[in-house]
Structure formats: structure tokens, C-alpha cells
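Some notes on the structure that comes next.
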Amino acid sequence: METGSPHDTGSAATGRRAVADGDEPVWIALPPGLLRMRRLLLVVWLGLLTLATALVPGLLAGPVWAAFALLPLALLLWGWVLLERNWRSWRYAERADDLLISRGVLWREQTVVPYGRMQLVEVTSGPVERHFGLASVQLHTAAAATDATIPGLDPAEAERLRDRLTELGEARSAGL
């Protein structure tokens, strides 16, 4: 069902968002800014935890206890690798009748959102996301279990996707 690798982004000049022949999805990967943002947050939070874990026991119980700071440091290194694996697993594809969202490393999850079932398409961007030039698209459907989010998009792509999904949703729901 999939074509190419999960990181194929296609080309804007050749119809990056076009539906492939035979209704095969053209997968679009998330931009690397999302990975950079998540890694920075990981370093900030686990860096502070490492510092606190080294200072508090080191000052109160002696320098030997400061070795506990290696635990959050190891967690930081492990998280660094896992964040990239998670980021690489996210992708989405626009097809003729629905939007596909695929994610997950150990447990792969693929969400299919029919355009005619979309009730609301939101673009959100918190302060950290705005700093990194990112936005998220959230899709709301009649069934709460099928709400889906595509995080870490470029704001222009998020707005384009919102407008396109809204247009397709209105066109498809008019026929219901």
C-alpha cells in the first residue's frame, strides 16, 4: 500500500501533493524542525534534572552520591535516539477521498480520515512551536476516536492543508 520510503516528500514542482496513479498514497514526512524542537526540550528538561540530581545529593550526602546524575544523562542519550525514530515514523498522505496519517515505531498506527467526515480543521501553534516556525493541524470528526493531529508542519503547509481539507470536506459532506 505504501510507495517509497516514509521520508519521501516528493517535489513541489511535480505535484508534491498530487494523488499517485492507482490511488497509491504519496507520503509526506514531517519537517526536521519538529525533531530539533523536541530534542531541545529533551536537553533542557533532562539537563536541568541531571544538574539537580548531581548538586542536591552531592552537596547533602557527599560527592559519591552525585553519580546518580548519570541516570538522567543516560535517559537523555536514550531519548535522543528515540525521538528521531518517532519523528521518522510520522507521515501523512492526501488521497482522493481521505487523508492518511501514519505514525508509531513499535506499534504502527494508521488513521484514515474521510474528507466528508471532517467537521473542523484547526491550525495551532504554541510559543515553542512558533519559535521553531512550526504549527500543528488537528482534524475533528463526528467520532471523537478518529480525531487526528499532524504535528510540526511549516505554518504555510499547515494553512494550505487546513484550507484544502476544509474545501474537500465541504464538497464531500454536501453530497451526504
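What the table shows:
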{"read-out": "Residue list for region 99-122, restricted to those being more than 13 Å from the chain's Cα centre (by Cα) and of a type in the set (G, A, S)", "value": "G116"}
{"read-out": "Candidates L34, L41, filtered to the one that is in a helix (DSSP H, G or I), modelled with pLDDT of 95 or more and in contact with a Gly (Cβ under 7 Å, 6 or more places away or on another chain)", "value": "L34"}
{"read-out": "Among the residues listed as R172, R117, R85, the single one being out of contact with any Lys or Arg (no Cβ under 9 Å at 6 or more places or on another chain), among the charged types (D, E, K, R) and open to solvent by 40 Å² or more (accessible area, probe 1.4 Å)", "value": "R85"}
{"read-out": "Test: residue in region 66-75 that is surrounded by 13 or more Cβ atoms within 10 Å (Cβ to Cβ) and in a loop (DSSP other than H, G, I, E, B)", "value": "no"}
{"read-out": "Checklist (1) under 23 Å from R38 (Cβ atoms); (2) open to solvent by 20 Å² or more (accessible area, probe 1.4 Å) applied to V137, failing item", "value": "(2)"}
{"read-out": "Residue that is at pLDDT 85 or above and of a type outside the set (V, I, T), where the choices are W65, W87", "value": "W87"}
{"read-out": "Count of residues meeting criterion [among the charged types (D, E, K, R) and either over 22 Å from S89 (Cα atoms) or under 10 Å from the mean Cα position of the chain (by Cα) (or both)] in region 134-161", "value": "2"}
{"read-out": "L100 vs. criteria touching a Lys or Arg at 6+ places or on another chain (Cβ under 9 Å), of a type outside the set (V, I, T) and closer than 16 Å to I28 by Cα", "value": "yes"}
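The values are calculated or read from the model by the stated rules, or taken from the named source; none is laboratory data. Predicted model, so just to flag it, every value in this text is computed and none were measured. Don't worry about glycine lacking a Cβ; one is built from the backbone with ideal geometry, like all the others, and counts go over all protein chains shown. Just the protein is used for accessible areas: all its heavy atoms, side chains included, with ligands, DNA and RNA removed. Shrake-Rupley method; radii C 1.70, N 1.55, O 1.52, S 1.80 Å.
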